[in-house]
Amino acid sequence: MASLFTGSFLHPNTTAELAAQARQLLEPYHDGIRKVGRSYSMVPLPYMLAMHSLFVSSFFRGAFNQYWLIGYWMAFCAGFGGGTLSSLFLAELPVWLQYDFILVIFSVCWYLMIYCPGDLVFKLYNNLPARAACRVASSVLKAHTIAAGVTHAVKVCAPGVVVSPLLLGTLGGCGGVYLTDIVLYNMGLRKPMEFSYPTWNTWSSFVIAFLYLSTVHWLPILPQDVAEALGITFLVAQALASEFTGLPLDCTAPIDYVFHVVTGIPRPADVLKGAEKSAAKAPPTVGQKKKAM
């Protein structure tokens with residue numbers, strides 16, 4: 001199976017030679033990339049988790065006021081659902097159930113973000129430097145979870161398995177969105193679901209999982225720590241650029257566009273626009289005529 005990706009169009013020796021040349025070409029840059037990677041670890045994990053928890057909890061302010069427990073678990077799923085899904089697929093205990101401090105940190109941060117007296121925490125959070133720092137922390141943890149999902153799947157699966165590492169790596173980065181979408185859909189909120197219309201959340205997770213799997217395990221070209229540092233840098237750069245410009249800056253949009261152009265599969269957004277135009281041109285129904293009268 002691995003030959004599908006490492007030698008299906010090239011002779012195995014040629015593939016090995018190309019990988020060796022790529023390793024030799026990139027090796028002088030490893031130390032510099034490692035320094036960048038170590039800089040992401042300067043902030044202790046509990047503080048990273050706190051900033052990540054504040055970031056995901058901020059999306060649920062004002063929602064589920066009548067059912068606070070739903071809001072709590074929705075925010076938790078958004079923040080830790082990806083790693084939970086990956087663990088469940090591997091029949092393992094999620095990390096947050098192995099260490100009590102994770103749930104404690106999240107609970108405190110969620111309460112302060114939603115119910116802090118005087119809304120003090122949100123006022124402190126809702127300025128550019130603090131918001132950007134929390135978003136960066138969330139991006140760092142996302143990249144770590146993607147890499148961990150890929151590496152773990154490679155270890156437990158048979159050699160050459162492709163789907164499992166890509167699936168678990170991608171879910172590790174965006175599984176929380178899938179869980180919250182399912183809950184919202186069942187509660188009657190009708191919006192395009194991430195599972196049916198992948199956005200930046202899914203595409204960025206898939207790209208990092210694919211690059212990590214291909215450069216570390218398939219060829220290999222890069223050491224694990226270097227590849228992980230590059231994945232973190234990619235997400236952090238996008239997060240900072242988006243935060244400072246106020247624009248989505250979805251650099252994976254071309255991948256989505258090329259996929260639909262090459263396959264001929266219509267984009268969900270285009271289908272929805274076409275349906276809206278058709279509905280606008282359609283003659284009014286009897287019920288609509290009566291309302292107009």
Item to check | Unique residue being under 15 Å from G231 (Cα atoms) and not aromatic (F, W, Y) when the list is G188, G172, G176, G160 | outcome: G172
Item to check | Pick from region 90-139, criterion surrounded by 13 or more Cβ atoms within 10 Å (Cβ to Cβ) and either acidic (D, E) or outside the structural domain of M74 (by TED's automatic domain parsing) (or both), ranking: nearest to V150 (Cα to Cα) | outcome: E92
Checklist entry - Scanning region 60-72 for residues that are surrounded by 14 or more Cβ atoms within 10 Å (Cβ to Cβ) and part of a helix (DSSP H, G or I), which turns out nearest to the chain's Cα centre (by Cα)? => result F60
Checklist entry - Considering L168, L179, which residue is surrounded by 19 or more Cβ atoms within 10 Å (Cβ to Cβ), at pLDDT 95 or above and either of a type in the set (K, R) or part of a helix (DSSP H, G or I) (or both)? => result L168
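For (1) outside any helix (DSSP H, G or I); (2) more than 12 Å from the chain's Cα centre (by Cα); (3) within 17 Å of S86 (Cβ to Cβ), each residue gets a yes or a no:
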position	(1), (2), (3)
V183	no, yes, no
G188	yes, yes, no
F195	yes, yes, yes
P198	yes, no, no
Y212	no, yes, yes
T215	no, yes, no
D225	no, yes, no
E228	no, yes, yes
I232	no, no, no
Next on the checklist: Looking only at region 165-186, how many residues end up being without any contact (Cβ under 8 Å) to a residue 60 or more places away in the chain and farther than 15 Å from N201 by Cβ?
Outcome noted: 4
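Report whether or not L247 is modelled with pLDDT under 95, surrounded by fewer than 16 Cβ atoms within 10 Å (Cβ to Cβ) and more than 25 Å from A132 (Cβ to Cβ). I'd like the intermediate steps shown before the answer.
Numbers: modelled with pLDDT under 95: yes; surrounded by fewer than 16 Cβ atoms within 10 Å (Cβ to Cβ): yes; more than 25 Å from A132 (Cβ to Cβ): no.
No; evaluated as a whole, the condition is false for this residue.
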Checklist entry - Considering region 70-104 alone, what residues qualify as being modelled with pLDDT of 95 or more, of a type in the set (A, V, I, L, M, F, W, C) and in contact with a Pro (Cβ under 8 Å, 6 or more places away or on another chain)? => result F80, F101
Checklist entry - Since I265 meets every condition but one in (1) in a helix (DSSP H, G or I); (2) modelled with pLDDT under 95, which condition does it not meet? => result (1)
Next on the checklist: Going residue by residue through region 46-64, is there one that turns out to be modelled with pLDDT of 95 or more, of a type outside the set (D, E, K, R) and under 25 Å from K155 (Cα atoms)?
Outcome noted: no
Checklist outcome for this item: Flagged in region 76-114 as under 29 Å from S164 (Cβ atoms) and aliphatic (A, V, I, L, M), in numbering order, are A78, L85, L88, L90, A91, L93, V95, L97, I102, L103
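Return yes or no: is C157 surrounded by 14 or more Cβ atoms within 10 Å (Cβ to Cβ), out of contact with any Asp or Glu (no Cβ under 6 Å at 6 or more places or on another chain) and closer than 30 Å to A209 by Cα? Talk me through it step by step, then tell me what you get.
Working: surrounded by 14 or more Cβ atoms within 10 Å (Cβ to Cβ): yes; out of contact with any Asp or Glu (no Cβ under 6 Å at 6 or more places or on another chain): yes; closer than 30 Å to A209 by Cα: yes.
Yes.
The values are calculated or read from the model by the stated rules, or taken from the named source; none is laboratory data. Computed from a prediction, not measured in an experiment: that's the story for all the values here. Glycine also receives a Cβ, built like all others from the backbone with ideal geometry; neighbour counts cover every protein chain displayed.
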